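Q: First, the structure itself, so that you have it in front of you.
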Amino acid sequence: MGVDRIALVARRRIIRLLKDYAFSRGVLMVLAILSVLVLSTAVADLPTGVSCAVGVFLVSICDLPGNKLDHLKNMVYGLLLAVVNIVLIQLAHTAGELHVLALPLLVFVTAYLSVFGKRAGLVSFSGLLALVLAYAFPKAGWDIVLSALYIGLGGLWFILLNVIVHPFRYKRYRLGLLNDCIQLTADYLELKSRQVVAQDPDHLWPEVIRTHNRINEIRKVLTDYFLGQSPKQDTLGEQSREGVLYLELVDLVELGAAVPVRPEARQPDTSNTTAELAGILEQVATSLRRVAFKSRNFVSAHPDTLAQRLASLGERRAEGPAPDERGEHYLYILYDNLEKQIGKLRTIERLADTRGLVSHAIFSREAKSRLRPPADTDWSVLRENFSMDSAAFRHSLRLSLVVLLGYLIGRYFSLQNAYWIILTVVVIMRPTYVQSKDRSVERTLGTLAGAVVAAGVVWLTDSHLVYAVIGAAAMPFVFTYLDRDYRISAFFVTLNLVFTYALLHPDAYTVIAYRVVDTVIGAALSFVASRLLWPAWESRSIPKLMVRALDGIGNYLRQESNLYLNREDDSLAYRIARRHAFVYLGELDDSYARALREPVRKRAATESLSRIVTCNHQILSSIAYLGTYLQHHPVSVSHEHFSALINDLTHRLEACRDLLETGHTRPLPPRTETDGALAYFTGPAESEGQQREKRLFLREYRYLRGLIDGLQRELPGRLALARGV
């Protein structure tokens with residue numbers, strides 16, 4: 001049984017790898033390179049084929065899936081920048097020492113283009129690699145123009161192949177992301193089920209936060225895809241089904257975030273019932289994971305079974321001894337949350353059945369118009385970031401100086417393939433110290449492992465056929481693991497480069513030795529420069545990210561209030577606010593995780609930061625519960641008094657925000673309206689249902705107010721630490 005289980009897991013991983021978009025990009029690039037090499041060898045010569053292969057490689061860097069037009073434009077821009085950079089640096093190289101000035105200037109300008117966003121970052125990276133490869137294949141005179149022409153042809157060939165296979169590849173990519181999103185959502189719900197009953201739930205927050213951030217990354221990509229279609233074209237049929245399934249997953253994640261993690265779960269009179277409810281939540285996660293594993297014709301009765309278990313538990317809870325008021329409130333909101341989750345699970349299972357089509361649009365035209373990013377490039381970001389306050393500007397300046405230093409070191413010591421130093425610097429160096437440090441270590445470890453394996457292969461055989469096969473087979477894995485595990489990516493890069501050069505040079509061991517030496521030099525330069533040259537410390541950026549997160553949370557709360565006060569309005573503004581609140585808090589989480597790995601004297605007190613980040617998540621969780629309750633229940637409390645309590649909470653959040661920005665808090669408005677609202681919510685009700693609603697909102701208000709006040713007490717100490725960094 002154990003062997004069968006291992007075989008099943010291995011089979012699934014292999015299938016996922018073969019369906020992976022990054023892996024298919026590597027395969028497509030290898031096929032494009034082999035085709036141009038064979039064709040050019042037949043009709044021209046090998047150097048022509050090598051130039052075409054360089055074009056294929058540089059354009060493949062910009063192969064980022066998404067809207068078809070944006071995808072195509074990104075590859076074209078990457079090709080144009082690469083060709084221009086190669087021509088300019090090679091012309092400067094023919095002019096003597098002029099290239100020593102041209103190199104850092106071109107590196108700075110190219111790296112600075114990344115301020116336009118993720119796609120621009122790939123174009124920038126392609127341009128930087130083009131500068132490096134210009135030193136690998138130096139040209140002079142008319143050969144510069146011919147080489148640029150062949151590079152352009154190779155790039156266009158890859159773009160053409162990409163356009164041909166785009167529909168098939170992107171469908172797999174889209175389905176793969178949906179599958180990953182389902183599995184991560186299942187992992188998230190399972191973590192929440194463990195956290196609910198844990199004696200120390202706080203120790204699970206880091207893992208919960210990491211999982212939620214991974215879901216956010218996939219959500220951003222899928223949202224951009226579904227919004228990338230023209231507002232005038234509403235996709236129906238299969239893609240519409242996928243889009244509706246995605247929106248159901250978004251709602252399920254919100255329900256998961258709203259699962260209450262509170263001390264009431266561990267009370268003696270609630271702990272047993274809480275454990276049973278947590279078990280049902282775990283079963284929801286298991287059912288969701290089964291949806292991901294079976295992608296065709298999967299509809300089960302499991303949601304009905306879970307609903308029956310939940311109903312049976314509710315009956316037993318009603319018949320048994322009642323816990324105290326706080327415990328009863330906690331069990332009610334947990335029970336209510338699970339009821340909605342089971343409903344979402346039932347819908348997701350129905351949509352996961354490929355036989356069921358949905359015949360309506362994913363997003364309305366208004367939603368697409370409001371949510372789509374502007375089509376025109378905002379050139380003002382170049383001016384706004386052109387100062388030492390900008391991390392992108394400091395990174396570009398630092399990178400240009402270190403690339404120049406690496407080139408001069410290689411030339412002074414007459415190192416073979418010294419441009420590998422520059423290549424290592426370009427690939428490793430990142431805007432922040434922690435990112436550069438991590439990349440330096442991962443690159444070095446991957447290179448050393450690759451060198452050991454390459455040396456073993458060279459010792460076993462000197463067959464050029466074996467070298468060619470290993471070099472070509474390694475390339476798809478470079479792209480597959482580039483963003484997942486850079487050590488593995490560096491391992492395959494080393495295999496590819498070593499065996500490619502082993503085909504051209506008789507002494508393969510020398511190639512391996514210089515590869516290791518150049519990598520270590522480049523990694524050391526990157527690490528030291530990130531530490532000494534205008535370093536970007538995460539601790540300094542955290543207050544700004546906290547402000548942004550509080551803005552997002554406050555707007556989320558206001559839109560929830562509007563959702564209740566204006567029932568006839570569309571929920572689009574609420575969904576936008578919800579998305580921003582989770583994304584902004586995810587950015588704070590990422591920065592906090594990196595800040596923990598900074599040098600001790602630059603690192604803020606981890607306990608204080610941890611409490612603040614955890615408190616933000618608890619606030620967001622409670623607000624998410626209010627949102628789900630307002631969406632799924634016909635609430636009848638007074639609009640005026642409900643709005644007064646929400647306004648009081650938003651004013652308290654704004655006070656925290658002001659404390660972060662200015663060091664002072666604005667005075668809260670007079671409590672006249674709040675006191676009146678509290679009197680209303682503690683007073684008599686018109687019906688038993690309204691009385692329950694009053695108690696629920698009053699308890700949630702007091703719980704949220706306590707969390708926000710606790711956050712405000714933590715912030716002064718955090719500000720003192722930030723000023724001392």
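The values are calculated or read from the model by the stated rules, or taken from the named source; none is laboratory data. What you see is a predicted model; the values in this text were computed from it and never measured. Because the Cβ atoms are built from the backbone with ideal geometry, glycine has one as well, and the counts that use them run over all protein chains shown.
Q: Suppose we filter the range 659-687 for residues that are crowded, with 16+ Cβ neighbours inside 10 Å and either of a type in the set (S, T, N, Q) or within 19 Å of ALA549 (Cα to Cα) (or both); how many remain?
A: Within the range 659-687, residues that are crowded, with 16+ Cβ neighbours inside 10 Å and either of a type in the set (S, T, N, Q) or within 19 Å of ALA549 (Cα to Cα) (or both) number 4.
Q: So how many residues does the range 519-557 have that are in a helix (DSSP H, G or I), of a type in the set (A, V, I, L, M) and over 23 Å from the mean Cα position of the chain (by Cα)?
A: Here the count works out to 9.
Q: Next question, about the same structure. Within the range 162-187, can you find the residues that are more than 23 Å from the chain's Cα centre (by Cα) and farther than 17 Å from LYS73 by Cβ?
A: Those that are more than 23 Å from the chain's Cα centre (by Cα) and farther than 17 Å from LYS73 by Cβ: ILE164, VAL165, PRO167, PHE168.
Q: Oh, and also: Output yes when any residue across the range 47-58 is surrounded by fewer than 18 Cβ atoms within 10 Å (Cβ to Cβ) and out of contact with any His (no Cβ under 9 Å at 6 or more places or on another chain), and no when none is.
A: yes
Q: It is to be established whether one or more residues within the range 76-89 are surrounded by fewer than 24 Cβ atoms within 10 Å (Cβ to Cβ) and in a loop (DSSP other than H, G, I, E, B).
A: No, there is no match, as no residue in the range 76-89 is surrounded by fewer than 24 Cβ atoms within 10 Å (Cβ to Cβ) and in a loop (DSSP other than H, G, I, E, B).
This table checks each residue for (1) modelled with pLDDT under 85; (2) surrounded by fewer than 16 Cβ atoms within 10 Å (Cβ to Cβ).
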| residue | (1), (2) |
| --- | --- |
| TYR574 | yes, no |
| PHE582 | no, no |
| ARG601 | yes, yes |
| SER621 | no, no |
| HIS641 | no, no |
| ILE646 | no, no |
| ALA655 | no, no |
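Q: Search the range 177-201 for residues that are more than 18 Å from LEU249 (Cβ to Cβ) and pair each with any residue that is among the polar types (S, T, N, Q) and modelled with pLDDT of 90 or more when their beta-carbon atoms are under 9 Å apart and the residues are at least 6 apart or on different chains.
A: Matching pairs, first to second residue: PRO201/GLN195.
Q: Let me ask you something else. Quick one: would you say ALA95 is within 22 Å of VAL132 (Cα to Cα) and surrounded by 15 or more Cβ atoms within 10 Å (Cβ to Cβ)?
A: No; evaluated as a whole, the condition is false for this residue.
Q: Please tell me if GLN416 is in a helix (DSSP H, G or I), under 30 Å from ILE89 (Cα atoms) and modelled with pLDDT under 85. Give the steps one after another, and end with the answer.
A: Numbers: in a helix (DSSP H, G or I): no; under 30 Å from ILE89 (Cα atoms): yes; modelled with pLDDT under 85: yes.
Considered against the rule, which asks whether it is in a helix (DSSP H, G or I), under 30 Å from ILE89 (Cα atoms) and modelled with pLDDT under 85, GLN416 comes out as no.
Q: Residues of the range 91-122 being polar (S, T, N, Q) and under 18 Å from ALA391 (Cα atoms), which ones?
A: Answer for the range 91-122, where residues must be polar (S, T, N, Q) and under 18 Å from ALA391 (Cα atoms): THR110, SER114.
Q: Here's a follow-up. Can you go through LEU645, LEU563, LEU545 and tell me which one is hydrophobic (A, V, I, L, M, F, W, C), within 26 Å of VAL434 (Cα to Cα) and in the same structural domain as GLY706 (by TED's automatic domain parsing)?
A: On the way: LEU645 fails: within 26 Å of VAL434 (Cα to Cα); LEU563 fails: within 26 Å of VAL434 (Cα to Cα).
Going through LEU645, LEU563, LEU545 in turn, the sole match is LEU545.
Q: Wholly within the range 602-694, which helices (runs of 4 or more DSSP H) include no fewer than the required count, namely at least 1 residues that are touching a Phe, Trp or Tyr at 6+ places or on another chain (Cβ under 6 Å) and either β-branched (Val, Ile, Thr) or under 30 Å from TRP534 (Cβ atoms) (or both)?
A: Ranges flagged: 606-632.
Q: Still on this structure, I have one more. Residues to consider are LEU133, LEU146, LEU153, LEU129; find the one that is part of a helix (DSSP H, G or I) and either over 24 Å from LEU504 (Cβ atoms) or under 29 Å from the mean Cα position of the chain (by Cα) (or both). Step through it out loud before you land on a result.
A: Numbers: LEU133 fails: either over 24 Å from LEU504 (Cβ atoms) or under 29 Å from the mean Cα position of the chain (by Cα) (or both); LEU146 fails: either over 24 Å from LEU504 (Cβ atoms) or under 29 Å from the mean Cα position of the chain (by Cα) (or both); LEU153 fails: either over 24 Å from LEU504 (Cβ atoms) or under 29 Å from the mean Cα position of the chain (by Cα) (or both).
Matching residue, one of LEU133, LEU146, LEU153, LEU129: LEU129.
Q: Scan the range 237-292 for residues that are of a type in the set (S, T, N, Q) and in a helix (DSSP H, G or I) and jot them down.
A: Of everything in the range 237-292, those that are of a type in the set (S, T, N, Q) and in a helix (DSSP H, G or I) turn out to be GLN239, SER240, SER271, ASN272, THR273, THR274, GLN283, THR286, SER287.
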